Amino acid sequence: MKDEVNNEITETIFKFLKCLKPTMSYDSKTFHLTMVQFEALILLKKTKDVQMSDISDYFSITMPSATALIDKLIEMKFTQRKNDVKDRRVVKISLTAYGEKLLDEAMHQRKQKINKLLSYLSSKDKKDLLRILQRIIGL
């Protein structure tokens, strides 16, 4: 019985993630941001003085993968590299004004999509879901 419930939970989680995936990326007519690119922009907004090693550590990816991620965001004009004033060997990554504007728009869009998904739940169900998710992630 326990295995059956665990299997059903597992299947339901994957279905839920599939349902949630479109809300976690950002689309417009001119470009598409993946979930990882979107999360990188959020990291850059939250954290000042981000270095490539911070990005690599945050996403648990190699330095070349982190560089490729940031290079793509630079190419899209969302981020920029700056040399540290005190140590020119240190390169910091930050959002451009354009990247910050886009991120604000994307976060608003994501919030609307998630709110639409949650609109099908009662207040009690939302509180239960929050409690369960927080317990799973250890908050």
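One entry in (1) 15.8; (2) 17.4; (3) 15.3 is Kirkwood radius over Cα pairs in Å calculated from the shown coordinates; its label is (2). Over the chain, dividing the summed -39,500 (n - 2.57) contributions of all DSSP H runs of at least 4 residues by the number of residues returns a 222 nm mean residue ellipticity of -21000 deg cm²/dmol.
Length gained on full extension, residue 126 to residue 113, computed as 0.36 nm times the residue gap minus the Cα-Cα distance: 3.1 nm. Anisotropy class assigned to the stretch 84-133 is oblate, per the alpha carbon gyration tensor with a/c at or over the 1.5 cut-off and a/b no larger than b/c.
Two tests apply to each whole DSSP H helix in the chain, Cα reach of 24 Å or more along its axis and mean Kyte-Doolittle hydropathy of at least -0.5, and the ones passing both are 2-20. Here the Gaussian network model covers the chain, with springs between Cα atoms less than 10 Å apart; of 125, 57, 71, 125 fluctuates the most. Given +1 at the Cβ of Lys and Arg, -1 at the Cβ of Asp and Glu and no other charges, the dipole of the stretch 19-139 around its Cα centre is 360 debye to the nearest 20.
The length gained by stretching the chain between residue 84 and residue 35 to full extension, at 0.36 nm per residue less their Cα-Cα distance, is 14.8 nm.
Any read-out appearing in this document is the output of simple, stated calculations on the displayed coordinates, not a laboratory observation. Quantities reported herein were computed from a predicted structural model and do not represent experimental measurements. Every residue, glycine among them, receives a Cβ derived from its backbone with ideal geometry; neighbour counts consider all protein chains shown.
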